[in-house]
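Read the structure below first, then the notes.
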Amino acid sequence: MKTANTKNRFVGKDILSVDQFSREDLDWIFSKAREMREVAQKGRTNLLSHAILTALFYEPSSRTFGSFVSAMQKLGGGFIPLQGMTYSSVAKGETLEDTVRTFECYSDVIVIRHPEVGSAKRAAAVASVPVINAGDGAGEHPTQALLDAFTIVNTFPKIDGLKVALVGDLLNGRTVHSLSKLLVKMGKVEFFFVSPKILSMPQEIKDHVNKRIQVSEVEKLEEVIGKADVVYITRIQKERFSDLTSYEKLKNYYVVTKTLMQKAKKNMILMHPLPRVGEIEAEVDKDKRAVYLKEQMRNGLYIRMALLAAVLGKI
Ligand code: CP
């Protein structure tokens, strides 16, 4: 594998929002992710053997944490795993800024997940090493959006005319915020925003996408499941509710069943960023259109390998 590439615009850069990517950037990242897929499937490389990643996770995570750690190890690097913060000095009241200043002394890149919107930007403001946003509250989840978009283009290389249904807690779900902004950069998709009224997509995101493409807002998934090429369902985000009674009323609002899937297109794909907590019945997992437990999760590894190698200047 090459160790330098003039097209790499990401050397030393933070990855904070999908707003920072151009269409050309996306094509470049996806091509590098395809190269990383080959590397990962064969085994490991020593491309980042000089480097250490700090995984600074103030909120729970399985996939994002696990795939970043796996990505670093597939590339030959080391990692400092910090999950939950119970055993770090955060438990003694250390600020986010001081924690970041600490781990930049020990590592070459920091991946951060934090419950507050804007936290990754705060971390980046004090860090001298690249910071990657692994989810900031109900804000953004740019690396998830990249792996989701990668999954979509691998199935549907022509984005123009693609009908995409984003379903569930569109108010609080950061993955759908980032994905909708990213997809409109890639072509003339048509969106169905499917949610209960009180969990509808934030106005700022609607304004952003409405300028570029057609959006329909509906409450019933049954109305659009037969039209969509991509159905992307999310869980109701319990941790963002101040009132658990409202959460209890809404938590089973959408459930994809085998019967519902009979109404979907034969060549559509069903996606979920996971974890799921009842939105997709287990019997749907065997459906060949269900990609959430297969390609979608694996693509997270390849995209994150590409991003780490890019910000560390090794591709
Ligand atoms: N999709 C996602 O962010 O999953 P985790 O919360 O498990 O990282």
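The values are calculated or read from the model by the stated rules, or taken from the named source; none is laboratory data. As the structure is a computational prediction, the values presented were derived from the model and not from experiment. Methodologically, a virtual Cβ is constructed for each residue, glycine included, from the backbone with ideal geometry; neighbour enumeration extends over all protein chains shown. SASA here: full protein model, heavy atoms, side chains in, ligands and nucleic acids out. Shrake-Rupley method; radii C 1.70, N 1.55, O 1.52, S 1.80 Å.
General remarks:
Conditions tested, residue by residue: (1) in contact with a helix residue (DSSP H, G or I) (Cβ under 7 Å, 6 or more places away or on another chain); (2) at pLDDT 95 or above.
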site: Gln73; (1), (2): no, yes
site: Gly93; (1), (2): no, no
site: Arg101; (1), (2): yes, yes
site: Asp136; (1), (2): yes, yes
site: Thr143; (1), (2): yes, yes
site: Leu166; (1), (2): yes, yes
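- Residues in the range 65-106 that are over 23 Å from Val311 (Cβ atoms), more than 24 Å from the chain's Cα centre (by Cα) and either in a loop (DSSP other than H, G, I, E, B) or polar (S, T, N, Q) (or both): Thr86, Tyr87, Ser88, Ser89, Gly93, Glu94, Thr95.
- Set Val256, Val277, Val284: member being in contact with an Asp or Glu (Cβ under 7 Å, 6 or more places away or on another chain), of a type in the set (Val, Ile, Thr) and either surrounded by 17 or more Cβ atoms within 10 Å (Cβ to Cβ) or in contact (Cβ under 8 Å) with a residue 40 or more places away in the chain (or both): Val256
- Residues in the range 65-84 that are touching a strand residue (DSSP E or B) at 6+ places or on another chain (Cβ under 6 Å), within 16 Å of the ligand (Cβ to nearest atom) and open to solvent by less than 40 Å² (accessible area, probe 1.4 Å): Phe65, Phe68, Val69, Met72, Leu82.
- Subset of the range 107-148 (residues that are in contact with a Pro (Cβ under 7 Å, 6 or more places away or on another chain), assigned to a strand (DSSP E or B) and within 12 Å of the ligand (Cβ to nearest atom)): Asn133
- Positions within the range 50-64 being within 6 Å of the ligand (Cβ to nearest atom), outside any loop (DSSP other than H, G, I, E, B) and open to solvent by 50 Å² or more (accessible area, probe 1.4 Å), in sequence order: Arg63
- Verdict on Arg37 being part of a loop (DSSP other than H, G, I, E, B), at pLDDT 95 or above, open to solvent by 30 Å² or more (accessible area, probe 1.4 Å) and more than 13 Å from Leu312 (Cβ to Cβ): no
- Candidates in the range 268-284 are the residues that are in contact with a Phe, Trp or Tyr (Cβ under 9 Å, 6 or more places away or on another chain) and within 17 Å of Ile225 (Cα to Cα); of these, the one that is nearest to the ligand (Cβ to nearest atom) is His272.
- Considering the range 181-193, and only residues there that are more than 16 Å from the ligand (Cβ to nearest atom) and in contact with a helix residue (DSSP H, G or I) (Cβ under 6 Å, 6 or more places away or on another chain), the residue that is nearest to Val18 (Cα to Cα) turns out to be Lys181.
- Residue list for the range 221-246, filter: under 20 Å from Ala290 (Cα atoms), more than 18 Å from the chain's Cα centre (by Cα) and not hydrophobic (A, V, I, L, M, F, W, C): Glu222, Glu223, Gly226, Lys227, Asp229
- Filter pass, Tyr302 being under 30 Å from Pro130 (Cβ atoms), free of Cβ contacts under 8 Å to residues at least 40 places away in the same chain and within 16 Å of the ligand (Cβ to nearest atom): no
- For the range 30-49, filtered to residues that are among the hydrophobic types (A, V, I, L, M, F, W, C) and over 29 Å from Arg101 (Cβ atoms), the residue that is farthest from the ligand (Cβ to nearest atom) is Val39.
- Test: residue in the range 158-172 that is open to solvent by 10 Å² or more (accessible area, probe 1.4 Å) and part of a helix (DSSP H, G or I): no
- None of Arg174, Arg113 is within 26 Å of Leu301 (Cβ to Cβ), out of contact with any Ser or Thr (no Cβ under 8 Å at 6 or more places or on another chain) and among the charged types (D, E, K, R) except Arg174.
- Residues that are more than 29 Å from Lys185 (Cα to Cα) and either within 17 Å of the chain's Cα centre (by Cα) or polar (S, T, N, Q) (or both) do not occur anywhere in the range 109-122.
- Phe241 meets all of the listed conditions (1) in contact with a helix residue (DSSP H, G or I) (Cβ under 8 Å, 6 or more places away or on another chain); (2) open to solvent by 10 Å² or more (accessible area, probe 1.4 Å); (3) closer than 25 Å to Asn154 by Cα but one, namely (3).
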